[in-house]
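Read-outs: derived from the displayed coordinates by stated rules, not from any lab. Values in this document were obtained by computation on a predicted structure and should not be read as measured data. Every residue, glycine among them, receives a Cβ derived from its backbone with ideal geometry; neighbour counts consider all protein chains shown.
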Amino acid sequence: MQFSDLMVSTQDLTAPVVRRSDVVVVGGGPAGVSAAVAAARTGASVTLLERYAALGGLASGGMVLVLDDMVNGSEITVTGIVSEYVERMAKLGLAVFPPEQERYSSTEMWNKWGRWGAFDFHSHTNPKPICYAVAFDPDGWKRVSNDLVREAGVNLRLHSWFSRPVVDDGVLKGVVCETKQGPQAVLGDVVIDTTGDIDVASRAGADFAQDTYLTTLVFRLGGVDTDAAEEFEQQNPREARAINRKIKRMLGGAWELWWLKTPVPGVVWCNCPHLTGYDGTDPESLTEAEFDARARISEAVDYVRAHLPGFERCYLVDVAEQMGVRQTRLLQGEYVVTKDDITTRRHFADTVARGRDYYTPYRALLPRQVDQLLVAGRHYSATPDAQRMSREIPPCMAMGQAAGVAAGLAVDAGVTVREVDPRQIQRRMRDQGADPGDTPAPNATLDEPSEVVA
């Protein structure tokens, strides 16, 4: 019997089964690609579903073009698949980061690396210390994503927008996607939700909390003389600050630096405007946010061209095809990570992923109500305050890799994902070149070992 001869029904919807895999990953952003590749490397058959025409999520479509939050002092804490991305993009000339000998605090190093975004944004010193962070090109990210997925043997289905879960007596059996050919079902033994908004988990019946944070429609400017802009800023700091403050007000706010350099000469990226009061799960709200952002961008670009040295001939290269949504639904799983967990650097015996100086337990990837489902990425099980401190791309990729490894181990052993021993995940993560955070840093707070998942 062919897959096309099989049908599944969910509520009032009937859809042909177009694929059956051991593991189904929904969402092809950084966490999703990491999960799919990691699962495939365990020997599992994997299908990766993505709604857009390209992989990369907020790293490419959302153009969040700096990898940060992955060092604790001089130690690089987030490794694994994210490291493979950096290495491959650097070979293409599409990733830039400071060499180890230049990662320290000085005016000279700030002037050299500050506008690459390669600094410790948590530091209160001035100038902020330069650290390991990576500026990259969005199309370079897409290219490397494609290469990793193909090399791992992942079955990729783009243009497939998740619609409904296939649930049988509390067990997730697969998903239904909307496509140009109508609804299509993809079945699997384990499903990993990396949609960023727990679209799968929330519709499958998992508990979640909901909150909002900033949304941003990132844009890039070309034709910028970055040398002239930096020279003006360094020689006229008071005047430059005044101009930049006005630009940031036009944009509704921005981080400390509203523009940063990219690996493409003359092209800068702008992680703004910062918009508040919009709901990333509401299409009407997102539509309003798109219009609001574009109006602010247009006004700001006109002002920049007229007033900021180095930007006299700048032009709008592009606006991100994907709105940068930082927080919507958050899983309330087997363990909910708190702000105190982050700030005290609480280490768990079932830690399977690291961030800057915090740890993610396996239980924070496990929904309570739905079986054979894992969650990885910015929507993991955390309080809103904790998520705002732990949602950057590299730690989300570490979560994705851990979820992919766990799914592969479950399939291989014929057990549920709840039954996978976190110690096996840790070992397999290390086999894949990742640091699962199983060894706590000296400044970590140790949790009680009795909290380990059996």
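Share of Cα-Cα pairs in the range 308-366 beyond 16 Å, in percent?
62
Were the residues from Ala306 through Glu290 laid out at 0.36 nm apart, the gain over their Cα-Cα distance would be 3.3 nm. Peptides 176-188, 42-54, 376-388 ordered by packing proxy, namely the average of other Cβ atoms within 10 Å per residue, highest first: 376-388, 42-54, 176-188. What angle, in degrees between 0 and 90 and rounded to the nearest 10, separates the Cα long axis of helix 422-431 from the longest principal axis of the Cα atoms of the chain? For helix 422-431, the angle is close to 60 degrees. Please give the helix 237-250 orientation as an angle from the longest Cα principal axis of the chain, in degrees from 0 to 90, rounded to the nearest 10. On a 0 to 90 degree scale, this one is about 50. For the pair Ala53 and Asp168, label points projected 7 Å from Cα toward Cβ lie 3.8 nm apart.
Peptides 75-88, 290-303: what's the order by average Cβ count within 10 Å, highest mean first? Please list the in-between numbers first.
Details: 75-88: 20.9, 290-303: 16.6.
Packing order, densest peptide first, comes out as 75-88, 290-303.
Put simply, the convex hull of the Cα atoms in the range 263-416 casts, on average, a shadow of 12.4 nm².
Estimated at 0.36 nm per residue, the fully extended path between Glu108 and Thr439 surpasses their Cα-Cα distance by 115.6 nm.
Computed from Cα atoms, the angle from the helix 283-307 axis to the main principal axis of the chain rounds to 20 degrees.
Diagonalising the gyration tensor over the Cα atoms of the chain and scaling each eigenvalue by 5 before taking the square root yields semi-axes of 37, 25, 19 Å, largest first. Plainly put, the range 128-214 has a radius of gyration that is 1.07 times its Kirkwood radius, both from alpha-carbon atoms, as the Rg/Rh ratio.
Phi-derived couplings, Karplus 6.51 cos²θ - 1.76 cosθ + 1.60 at θ = phi - 60°, listed residue by residue for the range 344-358: 8, 6, 5, 9, 10, 5, 9, 4, 10, 8, 10, x, 4, 9, 9 Hz, with x used for Gly and Pro.
If you model the range 213-326 as an ellipsoid using its alpha carbon gyration tensor, with each semi-axis the square root of five times an eigenvalue, the axes come out at 26, 14, 11 Å, biggest first. Translational diffusion coefficient of the range 204-261 (Stokes-Einstein, Kirkwood radius from Cα pairs, 4 °C, 1.567 mPa s): 91 µm²/s. Counting only DSSP beta bridges with both residues in the chain, the antiparallel share comes to about 65 percent. Close lysine pairs were tallied over the chain: pairs 8 or more places apart or on different chains with Cα atoms under 30 Å apart number 20. Shown is the FRET efficiency for Glu299 and Glu239, computed with R0 = 22 Å from the Cβ-Cβ distance and rounded to the nearest 0.05: 0.60. Measuring between their Cα centroids, the range 240-270 and the range 385-432 lie 36 Å from each other.
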